[in-house]
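Below you'll find the structure, written out as structure tokens, and then a few comments.
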Amino acid sequence: MKYKRDVIATDLRLGEGCIWDQARNKVHFVDIEGFTIYSYSLHDGTIEEFNMGDYVGCIALNDQGDLIAAVRNRIISLNLSTGKQDTVMQISLPGYIRFNDGKLDPYGNLWVGTMAIDQTHPKAHGAGSLYCIKGGRVISKYDGFTISNGLVWNPSGDKFYHIDTPTQKIDVYDVVEEGVLSNKKTAVSIDEKEGAPDGMCMDGRGQLWVAMWGGGKVCCYDPGTGTKIKEVQVPDPNVSCCIIGGADKNLLFVTTAQDEHKNPGKVYVFTREHIQEEWY
């Protein structure tokens, strides 16, 4: 399968958290270590920058069209028209912990994970948690993760998929009710030669697209069988996040991070060579 590849952003330290904004025809993404949220317009190719002053783990779009950002240990609402930032809530976290990946669930609640900023910290292993936040308060919390990462719900909302990166697995849970997970199982086991699973999204067929940190690619898995269906090669090794977007759902946006040689991270957009061939 052939793709057209373009670069829409460069010079990122830790590019992450890309989300598609259908109403604005934009893709939003973050530079976690650059403390910045970016908005790229597919209409005219312009990029807006919003400095958040600290680590930006993830972003999500609420019903009002504002961005919800998990910044270090705070949840912040960002008005994209005015740039105004309002703190929604703050969680008490140890100084060595920060927010990481997160998304809104089918109920409109924000699920966001945490991890140690420095993975060589003596308490890093198992120090992460996964929070479900509703109306400015935590309604549930799950502990024992190391790098809480890629998360997504199936179309019916009764299954939740989640990655704890060092485990090399995608786990699936039953969604019992709002904020409640149970019956954890392994949906996909990933060989280390593929890279470490990071950010994740789901296509219209329920297939999981996973950014492979250190693997230089995005892999697509069938969560029902655990098998890899296809992959998209990315020029950078540290692939961190992916999202399907575009008016015709024919675009795959991919973020990357700086590598060991200090080559900067980027944001790529992959387009199918034939427009009628969508990602799903």
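Rule-based calculations on the coordinates, nothing more; no lab input. Bear in mind that the values here come from a model prediction, so they are computed numbers and not experimental data. Note that we place each Cβ from the backbone using ideal geometry, even for glycine, and neighbour counts take in every protein chain shown.
Centroid-to-centroid, using Cα positions, region 134-208 and region 58-119 are 18 Å apart.
Starting from 0.36 nm per residue, how many nanometres of slack lie between Gln119 and Arg205 once their C-alpha separation is accounted for?
On the way: separation 86, 0.36 × 86 = 30.96 nm, distance 3.48 nm.
In short, 27.5 nm is gained.
Using the Cβ-Cβ distance between Glu177 and Asp222 with R0 set to 35 Å, the FRET efficiency from 1/(1 + (r/R0)^6) comes to roughly 0.80. Within the chain, which is the longest segment that contains none of the GluC sites (Glu not before Pro) sitting in a DSSP loop with at most 16 other Cβ atoms within 10 Å? By the stated rule (loop sites, at most 16 other Cβ atoms within 10 Å), 1-177. By the count of other C-beta atoms within 10 Å, a proxy for reagent exposure, Tyr268, Tyr55 are ordered fewest to most as Tyr55, Tyr268. In loop segments of region 145-238 as defined by DSSP, the trypsin sites (Lys or Arg not before Pro) with at most 16 further C-beta atoms inside 10 Å of their C-beta are Arg205. Taken over the alpha carbons of region 3-272 as equal point scatterers, the Debye sum produces base-10 log I(q)/I(0) values at 0.14, 0.16 Å⁻¹ of -0.94, -1.29. Give the aspartates and glutamates whose C-alpha is closer than 13 Å to that of Lys228, dropping any in the same chain fewer than 8 places away, or say none. Straight-line reach from Lys228, under 13 Å: Asp191, Glu194.
Roughly how many debye, to the nearest 20, is the charge dipole of the chain about its Cα centre, given +1 on each Lys and Arg Cβ, -1 on each Asp and Glu Cβ, and no other charges? Display every interim value, and only then the final one.
Details: 28 positive and 37 negative charges, 44 e Å.
Roughly 220 debye for the chain.
Modelled spin labels at Tyr107 and Thr167, positioned 7 Å past Cα toward Cβ, are 2.1 nm from each other. FRET efficiency for the Glu260 to Asp143 pair, using the beta carbon distance and R₀ = 25 Å, is estimated at 0.20.
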